[in-house]
Amino acid sequence: MHVEADPEVITQAVREARAGGKSIGVVPTMGALHAGHVSLVEAAASECDFVVVTIFVNPTQFAPDEDLAKYPRTLEADLELCRAAGADVVFTPAATTMYPPNSQSVVSVSRISRMLEGESRPGHFDGVTTIVAKLFNITEPDRAYFGQKDFQQQLVVRQMVRDLNFGVNIVTCPIIREADGLAMSSRNRYLSPDERQTALQIKQSLLLAQRMASETQASPAKIADVMRQKLRQTPGINLNYAVVVDTDTLNPVTEGVDHAVALIAARVGSTRLIDNLVLQFR
Ligand code: PAF
């Protein structure tokens, strides 16, 4: 496995692989890899002939008051996981390489990137789409792998790909959970043991939503209400949003739909967590 910080060398490597008849898969990450990321790299390795993992803590998707400086950086362990999961190349650019002092362009998806996460974290998705567009241009992939955990992110990236004619297939892989149900996240390591227990209520609320959808006549609005009530009553959870919305548009859904996604964002202590579950209605 080759580790490379120079974008031109990466582009050259993927072009050589393609010239040899190989398909290219890319897994964009910010490092601090866990089993969720590993599942993305494994999926890429099983479906593509040449796999590039990118590790870059992207400053433009963090607001000034967010955790950029303390975001975990665990490069050596990350490289081991990438190697074991079947990566061919790991791209580890410097911030000054990705954003030279005079860079001026931003890729911005309107509407869907302004909702929910975008409302809570203004500018966040502009940072994501700008870096992902750059990574796609550098790695020229056939397929790119994202986790369902960041449900809105994969929709925003899909929208960008359609709008800007990127010739890449977006693959969304299932959420990987800890044994107790907590969705894997690089930020889970910030939780104290007590906070971690509290955080389980997020998954519990999603399961409650699924039970209501499949076993009762409750409307999507009612289910969202019950999730909000449950989370607001849980000491130690500061709810940001809990909604039941359309899986493509994130717009509210009405009664009679056969599926929808329940999305939750909440702060536990100082750690902001998100989770989701696609609900099947009876
Ligand atoms: O999901 C992430 O880790 C990041 O948002 C991504 C897609 C790597 C862009 O920096």
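Within the chain, the ratio Rg/Rh, alpha carbon atoms throughout and Rh by Kirkwood, equals 0.97. Projected over every direction and averaged, the convex hull enclosing the alpha-carbon atoms of region 228-282 yields 4.2 nm².
Rounded to whole Å, give me the distance from the Cα center of region 220-256 to that of region 200-219. Here the answer is 10 Å between Cα centres.
Rounded to 0.05, the FRET efficiency of the Ala94 and Ser192 pair, given R0 = 30 Å and the Cβ-Cβ distance, is 0.35.
Averaging 1/r over each pair of different alpha-carbon atoms in region 27-69 and inverting the result gives 11.7 Å, the Kirkwood hydrodynamic radius. Angle, helix 75-85 long axis vs. longest principal axis of the chain, Cα atoms, 0 to 90°, nearest 10? Helix 75-85 sits roughly 90 degrees off the main axis of the chain. Once both axes come from the Cα atoms, what is the angle between helix 7-19 and the longest principal axis of the chain, in degrees from 0 to 90, rounded to 10? Once rounded, the angle reads 80 degrees.
Using Cβ point charges alone (K and R +1, D and E -1), the dipole size of the chain about the Cα centre works out to roughly 700 debye. Per residue, the convex hull around the alpha carbon atoms of region 138-266 comes to 135 Å³. Extending 7 Å from the Cα toward the beta-carbon at both Arg111 and Thr247 defines two label points whose distance is 2.0 nm.
Between Glu16 and Arg73, the distance separating the two model label sites (each 7 Å from Cα on the Cα→Cβ line) works out to 2.8 nm. Note on region 1-152: Kirkwood radius taken over Cα pairs, Stokes-Einstein applied at 4 °C and 1.567 mPa s, translational D equal to 81 µm² s⁻¹. With a simple spin-label model that places each label point 7 Å from the Cα along the Cα-to-Cβ direction, the separation between Arg162 and Ser214 comes to 2.9 nm. With the helix formula -39500 (n - 2.57) applied to DSSP H stretches of n ≥ 4, the chain reaches a computed 222 nm mean residue ellipticity of -12000 deg cm²/dmol.
Readers should treat all values here as calculations from the given coordinates under stated rules, not as data from a laboratory. Worth saying up front: this structure is predicted, and the values here are computed from it rather than measured. We place every Cβ from the backbone using ideal geometry, glycine too, and count neighbours over all the protein chains shown.
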